[in-house]
Every structure is written in structure tokens, then in C-alpha cells.
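Some notes on the structure that comes next.
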Amino acid sequence: MDNPLLKNFDTPHQTPPFDKIKSEHFMPAITEAIKEAKQEVDGITSQSDAPTFENTLEAMELAGEKLSSVTSILFNLNSAETNKKIQEVAKEASPILSEFGNDIWQNADLFERVKIIYKQKEQLELDNEQEMLLNKTYKAFIRNGADLNEKDKTRFKEITKKLSNLSLSFGENVLAETNDYELVISDEKDLSGLPDSAIRQAASTALSKGKEGKWVFTLQAPSFVPFMENADNRSLREQLYKAFMSKANKNDVRDNKAIIQEIVNLRSEKVSLLGYDTYADYVLEERMAESKDKVQQFLDDLLKQALPKAKEEVAEIKAFLKELGEDIDLQRWDWAYYSEKLKKKKYAIDDELLRPYFKLENVLDGVFQSAEKLYDIRFKEVKNIPVYHEDVTTYEVSTTSGEHVAIFYADFHPREGKRGGAWMTGYRDQYRKNGEDIRPLVSNVCNFTPSSPGNPSLLTFNEVTTLFHEFGHALHAMLGNSRYGSLSGANVYWDFVELPSQIFENWCYEKECLDLFARHYETGEKIPQEYVEKIKASSTYHEAYATVRQVSLALLDLAYFSLDREEAQNIENIADFEEKAMAPTKLFPKVEGTLMSTQFGHIFSGGYASGYYSYKWAEVLDADAFSLFKEKGIFNKEVSQSFKDNILSKGGSEHPMELYKRFRGREPKIEALLERAGLK
């Protein structure tokens with residue numbers, strides 16, 4: 001087979017040749033790339049020379065380059081542009097890749113070489129980056145079962161293979177449930193309250209689905225959120241809410257409850273083989289937080305601050321209902337609707353007022369300009385780089401002096417082959433090889449309000465902050481400056497990875513930044529100062545409620561993975577377990593048939609298991625860090641250069657707290673977050 005995945009990519013900057021790649025190319029390429037990687041590892045273990053940092057650690061770091069390239073393409077496509085064939089390939093490949101990974105990390109000869117170097121590390125005069133690579137590699141062997149007996153090694157391998165498939169199945173079920181649901185409206189009066197933009201989009205969706213003359217709403221965020229915030233028809237809001245919150249919880253072939261039980265049980269068994277009491281103990285050992293007790297304390301402290309105020313916010317909405325003469329019992333499907341109404345009353349601001357100033361292309365240009373002002377990099381759209389879908393746009397990133405930095409892929413609108421949410425990913429990390437600086441290939445994937453016939457894509461302010469957030473991750477990846485790919489860019493402790501993304505959201509609230517891009521799409525008028533003041537004034541509106549929701553998800557995550565071996569084997573009812581875990585944060589009565597767990601992809605098909613707390617953890621870091629920008633100027637060169645040098649470019653080459661202290665001059669303080677969130 002003439003397989004483009006196995007050739008050197010004859011494309012600009014060796015980008016993936018998406019125009020030539022077909023689903024049938026993946027398995028032969030993976031088979032061949034595994035064979036090549038095994039030969040590279042054999043070359044390390046069979047050499048007669050004594051183990052050195054260069055002939056073992058650095059050689060390991062460069063082994064399997066082709067395999068990394070092929071698998072990054074496969075699994076990124078499975079998230080951003082999947083289909084039945086790609087899903088089948090991912091399912092076939094996952095256990096094979098898990099087995100290969102186990103074979104590497106449980107390779108006794110390879111581990112022996114690493115162990116010899118590890119024992120000599122005090123005499124080797126390694127720099128920070130080399131020491132981090134050595135420590136990380138040694139720990140990876142231990143954490144992947146290198147020290148287990150043969151029986152336990154075999155079981156460890158079985159578990160990792162099974163888990164890889166379960167995670168894929170979980171995600172596929174959620175995607176299928178999201179894609180299959182349609183709320184079809186035939187009577188125009190049922191559109192009451194909805195903004196023109198939502199109605200136009202629903203008509204466009206209906207047309208694309210062969211339902212001309214009707215309106216179709218889906219579970220995709222750009223359709224779901226405006227409906228829940230604006231639709232006057234309460235019964236339809238209830239219907240849509242229940243559909244959204246019952247994904248993969250219908251006791252059918254797509255039900256995820258049994259998958260959850262199996263994932264929790266297998267993760268527990270896997271780490272018990274390594275001597276850990278719980279999966280959370282295993283994960284948090286490699287995090288800034290260090291232990292589940294610290295995470296629990298952090299979440300408890302946040303809840304103590306936020307819950308009383310969140311209850312006041314709910315009470316305020318109930319009082320508002322009476323003021324409106326609405327005689328209803330406030331339910332979850334009412335919250336967004338009445339919250340939006342009260343926000344409009346209090347601040348005279350809503351999404352529809354702001355949307356005209358946030359044309360997608362302008363916002364993206366604003367993101368680029370902000371990055372240029374902060375970090376001296378430029379973005380130029382290029383048409384000669386192959387893409388996996390016509391919606392994807394590519395940019396060449398360079399320094400202001402013309403030096404190549406990265407390739408950036410932008411993929412912003414929902415479609416059936418794309419999972420929900422927003423994320424940053426990459427097709428190649430930055431690293432250095434034979435003196436050459438290999439630059440990264442970075443992608444942002446989002447699900448923003450799409451354009452419709454005659455109407456551009458106009459973003460909500462929440463979508464604007466999402467774009468800045470994901471681009472913050474992209475900057476972390478693009479500005480990496482490490483010798484080793486595994487320590488470059490966003491390859492950092494999980495509770496540190498959200499700092500570069502969350503700090504970048506802060507710029508959205510500053511007039512100096514908004515003036516770069518927030519212009520009315522028809523008149524060109526800059527966003528008025530009074531609107532910016534309203535954005536700022538309303539920024540803490542229902543922040544306590546939002547904080548409680550984030551804490552509730554973090555508590556659910558921690559509850560699943562703080563179970564000991566016996567407890568993990570004996571989860572009888574997922575709904576009961578979830579209700580108990582989230583009970584401390586309860587603000588509304590339970591809605592029968594709805595469940596968060598069955599759609600909680602972050603922890604069951606993503607990398608956030610025992611790590612969902614990291615969003616709030618990193619908010620402490622970002623609020624504290626941004627306070628320095630506020631003090632010195634949001635585009636201050638000295639501060640931005642320090643952030644680039646000490647945070648963005650360093651990746652995972654040193655412990656994150658050391659990097660943070662180098663930037664800020666001290667450890668972070670929670671006060672900045674509490675003040676920003678209006679909780680102090």
C-alpha cells in the first residue's frame with residue numbers, strides 16, 4: 001500500500017497530509033511504526049556501552065517519533081472529524097497501543113539502564129531539564145508496573161488495554177446521543193423569546209436536515225444555550241434540558257452506567273497492583289496539589305465561601321419570579337432563563353446586545369493582536385497546508401523578526417463528526433533534535449455559533465472568553481522552548497496546565513484589549529465604554545452559583561477515584577452515588593432520569609480523572625498572576641516577557657511552583673480569586 005502516513009511528509013513544515021490520508025491507512029501505519037519503535041528500543045538495550053544519559057534517556061525520548069505522529073493524527077481526527085470507520089480504527093488500535101506502551105514501560109533491560117543512571121544522578125551534574133526528564137522517566141517505569149512480578153505485570157497489561165477501549169466507548173456513546181437528538185418546532189409561537197440569531201440558526205439546521213419550514217434545536221452548545229436562556233415555552237425548555245442531562249443514561253445500548261462502574265473498578269485495581277490505596281492517590285502524587293486530602297480541603301474551603309452566596313443568588317431569582325407574578329416552583333430548566341432576565345434588568349446587558357461586536361473573524365484577529373503585543377509573534381493565514389475539513393483554517397506563526405514559531409490550526413464550528421466542547425491539541429510537540437529546533441503543530445477545536453445564510457458568525461461573550469482560553473493553551477504549546485518533547489509546552493502537571501489558558505481570559509474584560517477587535521460588524525463602531533463597564537459589572541453575576549457547580553463536579557470526580565479497592569468493586573447504583581457525592585452542593589431538587597456521570601467525558605474519556613479540581617486550582621494561579629499585569633499594564637513588556645520566559649516557554653522542565661515563584665516572586669494567594677469572583 002502506498003501509505004502517506006509512513007512517508008516523510010512532503011508538506012510545508014512537515015504537516016500531516018490530510019488530503020492523502022484515508023482511514024484504511026492507519027492500521028498498517030501503526031503496525032509498521034510499532035515495529036520501527038521496537039527496533040529503536042532494542043537498539044538502546046542491546047548496545048554494549050554502559051548506560052549514559054545520552055545513549056539511554058535521550059535515545060528513549062527520540063524513539064517512536066513515527067508512531068507518535070500517526071497516533072496523534074488518528075485520535076485528533078476521532079475527536080474533531082470522526083466517522084464509523086475512524087471510530088472502528090481507534091477501537092482496534094487502542095488495545096494494541098496500550099500493549100505496546102506496556103511492553104516499553106515493563107521492559108526489564110530498558111528499566112535496568114534507567115535505574116543505573118538514576119542511582120548515579122547526584123554525580124552526573126545534570127541541568128534542571130535533564131534531571132526532570134530522568135526523574136519523570138524513572139517514575140513512569142515504576143508507575144507503569146516495571147517493578148511488578150510477572151503475574152501482576154500480565155494483569156496490569158490486561159487492565160490498561162481494557163480501559164483504553166472503555167474510554168473510547170464512553171465518548172462514542174455521548175457523541176451519538178448528542179447527534180441523534182432534535183427538538184423540532186413547527187409552530188412559530190413556540191419560538192417566543194428567542195433572539196433572531198437563534199431562530200435563523202435553527203431554520204438553517206432544519207433545512208440541512210431536510211425539514212424546510214421548521215426549526216430544529218440540538219444539544220450542541222450554540223443551539224442549546226440560547227434556547228435555555230431565552231425560550232419562553234417552559235415545557236420545551238424542560239424537554240431540552242432533560243434530553244441534555246440524560247445523555248447515555250437510558251438503559252439502552254448507549255448507556256454509560258456499566259462502563260463507569262467498570263472504569264472505576266479497573267482503575268482502582270490497576271493502582272492497587274502498584275501499592276496505592278486509591279486511584280486519586282496515584283494521580284495526585286504527580287500534581288501540584290500532591291494529595292486527595294489537600295484537594296478535598298481546597299474544595300471545602302471554596303464551597304464554604306461560595307455556597308452561602310449561591311443560596312442567596314437562588315433566593316434572589318425566586319424573589320424575581322414573584323416580582324414577575326410567576327407562580328412556579330423554580331426548577332433547573334428555569335435557572336438560565338430567569339437568570340438571564342434578571343441580568344438584563346440589573347445590568348441592561350445580554351448576549352444579543354454584545355454579539356454584533358464579536359464577529360468571529362474580528363475576535364480571532366484580536367486574539368492574534370494580543371499575542372503579538374505580549375509575545376512578539378505574528379499570525380499569517382496560509383492556504384497551502386492540508387486540512388481535515390473545509391472549516392479548518394491554518395496559520396503560520398512567526399516572531400516579529402520572521403523566525404518560524406509554529407503552525408496553528410483553527411477549527412471553530414460544530415458538526416456531527418466533532419465532539420462537543422472546546423480544546424487545544426497538537427500534531428507535534430516542540431523539541432530539539434540534532435541541534436535543530438523542531439517547531440510544534442498546534443490546534444484549537446471549538447463549537448461556536450456558526451454563520452448562517454447572509455449572517456456572519458457572531459459570538460456570545462462567553463464564546464469570546466472560550467476562544468481566549470483555548471488560545472492561551474495554544475500559546476503554551478506554541479512558545480515551548482525545551483530540548484525534550486515530553487517536557488515541552490503544555491506537557492506540565494495537570495493542575496498547572498490551565499494557568500496559561502485561564503489567565504488569557506482576563507484580557508477580554510479590558511477596554512484596551514477589546515478596542516483591538518470589538519467593533520460592530522455592520523458599522524465598524526468600537527464597543528462603547530458603557531458596554532465594557534457593564535461586562536465588568538456583570539462579570540461576578542451568579543459567580544457563586546458557577547463556583548458551586550464547578551466544585552460539585554470536582555467533588556463527583558474525587559468521590560469516584562477516592563474509593564478503595566473494595567468500595568470501587570461495589571458501586572451498586574451510579575445515580576445514588578452521584579447524588580451522595582454532590583449533596584453538599586445541592587441547590588435544586590433532583591430531576592429524575594438526569595445524570596452528570598454518564599456524560600462526564602472529562603473524567604471517563606479525557607484526562608481529568610482525579611483532576612477536575614484543577615480548573616479552580618488554576619483560577620487561584622491565574623487571578624494572582626493577572627494582578628501583576630493589572631498593576632503594571634496588561635500589555636507591559638517586562639511582565640509579559642517574564643511570563644513567557646518563566647511559564648510558557650519552560651513547559652514541564654521544572655516543578656511548576658518553582659516556575660510560578662520565579663514569575664511572581666512568591667507563592668500564589670487565594671485572595672485575588674475571591675476578590676475577582678466577588679466572594680470576599
Exercise. Could you give the radius of gyration (one decimal) and Dmax (whole number) of the Cα atoms in segment 116-233, in Å?
Worked result: 27.2, 78
Seminar exercise, completed: Lys and Arg at +1, Asp and Glu at -1: neighbours of residue 60 with Cβ under 10 Å from its Cβ sum to -2
For this session: With N denoting the number of residues in segment 379-538, provide Rg(C-alpha) divided by 2.2 N^0.38 Å, to two decimal places.
Result: 1.14
Exercise. Taking the alpha-carbon centroid of each part, what is the distance from segment 361-400 to segment 401-450 in angstrom?
Worked result: 10
Problem set entry | Folded to 0 to 90 degrees: helix 65-80 orientation relative to the chain principal axis, Cα | 20
Seminar exercise, completed: P(r) of segment 32-122 over all Cα-Cα pairs, 10 Å bins starting at 0, rounded to whole percent, reads 15, 40, 25, 14, 5, 0
For this session: For segment 248-308, just say rounded, prolate or oblate: build the C-alpha gyration tensor, square-root its eigenvalues into a ≥ b ≥ c, call rounded for a/c under 1.5, and beyond that prolate if a/b exceeds b/c, oblate if not.
Result: oblate
Seminar exercise, completed: Per the 1/(1 + (r/R0)^6) rule, R0 = 25 Å and r from the Cβ atoms of residue 277 and residue 596, FRET efficiency to 0.05 is 0.45
Problem set entry | Anchor residue 7: aspartates and glutamates whose Cα lies under 17 Å away (excluding residues fewer than 8 positions away in-chain) | 19, 24, 32, 36, 65
Exercise. When the Cα centres of segment 194-230 and segment 50-96 are compared, how far apart do they sit, in Å?
Worked result: 38
Exercise. Distance in nm between label sites at residue 290 and residue 404, each 7 Å beyond Cα in the beta-carbon direction?
Worked result: 4.4
Exercise. Using 1/(1 + (r/R0)^6) with R0 = 45 angstrom and r between the beta carbons of residue 208 and residue 152, what's the FRET efficiency to the nearest 0.05?
Worked result: 0.30
Problem set entry | Cα→Cβ-extended label distance, 7 Å offset, between residue 234 and residue 39, nm | 7.0
Exercise. In terms of modelled amide H atoms, which long-range or inter-chain residues lie less than 5 Å from the amide H of residue 405?
Worked result: 397, 398, 399
Exercise. Binned at 5 Å from 0, what are the whole-percent values of the Cα-Cα distance distribution for segment 294-449, short to long?
Worked result: 2, 7, 11, 12, 12, 11, 11, 12, 10, 7, 4, 2, 1, 0, 0
Exercise. What pairs from 38/161; 189/586; 136/304; 211/257; 292/580 go past 25 Å between their alpha carbons?
Worked result: 189/586; 136/304; 211/257
Seminar exercise, completed: D (µm²/s, integer) via Stokes-Einstein for segment 78-123, Kirkwood Rh across alpha-carbon pairs, 10 °C, 1.306 mPa s: value 119
Problem set entry | Amide hydrogen neighbours beyond the local backbone of residue 433, cut-off 5 Å, H modeled | 438
Problem set entry | Long-range Cα-Cα pairs in segment 162-311 (distance over 20 Å), rounded percent | 66
For this session: Tell me, rounded to the nearest percent, the portion of alpha carbon pairs in segment 261-347 spaced more than 19 Å apart.
Result: 62
Problem set entry | Net length gained if the chain between residue 671 and residue 576 were fully extended (0.36 nm per residue, minus Cα distance) | 30.6 nm
Exercise. In debye, nearest 20: dipole of segment 91-235 around its Cα centre with unit charges on the Cβ of K, R (+) and D, E (-)?
Worked result: 440
Exercise. Treating the beta-carbon of each Lys and Arg as +1 and of each Asp and Glu as -1, no other charges, what is the dipole magnitude of segment 153-305 about its Cα centre, to the nearest 20 debye?
Worked result: 460
Exercise. How many percent of Cα pairs in segment 548-613 exceed 19 Å?
Worked result: 28
Exercise. If the cut-off is a Cα-Cα distance under 15 Å, which aspartates and glutamates reach residue 318, setting aside same-chain residues fewer than 8 apart in sequence?
Worked result: 326, 327, 329, 334, 340
Seminar exercise, completed: Along segment 346-361, Karplus-curve 3J(HN,Hα) (6.51, -1.76, 1.60; θ = phi - 60°) to the nearest Hz, with x for Gly and Pro, reads 6, 10, 6, 9, 7, 4, 5, 5, 8, 3, x, 8, 10, 5, 3, 4
Exercise. Across the Cα atoms of the chain, what radius of gyration and what greatest pairwise Cα-Cα distance (Dmax) are found, in Å?
Worked result: 25.2, 85
For this session: Taking the Cα centre of the chain as origin, sum charge times position over the Cβ atoms of Lys and Arg (+1) and Asp and Glu (-1), and report the length of that vector in debye to the nearest 20.
Result: 520
Exercise. Rounded if a/c is under 1.5, else prolate if a/b beats b/c, else oblate: with a ≥ b ≥ c from the C-alpha gyration tensor eigenvalues square-rooted, which is segment 54-104?
Worked result: oblate
For this session: With a point put 7 Å past each Cα toward its Cβ, work out how far residue 331 is from residue 140 in nm, to one decimal.
Result: 5.0
Seminar exercise, completed: Diffusion coefficient in µm²/s returned for segment 241-386 by Stokes-Einstein, Kirkwood Rh over C-alpha pairs, 4 °C and 1.567 mPa s, is 60
Problem set entry | Violating pairs (Cα-Cα greater than 20 angstrom) within the set 373/637; 309/661; 373/630 | 309/661
For this session: Would you please give the FRET efficiency between residue 433 and residue 346, computed as 1/(1 + (r/R0)^6) with r the Cβ-Cβ distance and R0 = 45 Å, to the nearest 0.05?
Result: 0.20
Exercise. Contour minus end-to-end for residue 658 and residue 92, with contour as 0.36 nm per residue of separation and end-to-end as the Cα-Cα distance?
Worked result: 199.6 nm
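A short reminder: the numbers here are calculations on the coordinates, not readings from a lab. As the structure is a computational prediction, the values presented were derived from the model and not from experiment. Note that each Cβ is placed from the backbone with ideal geometry, even for glycine, and that neighbours are counted across all protein chains shown.
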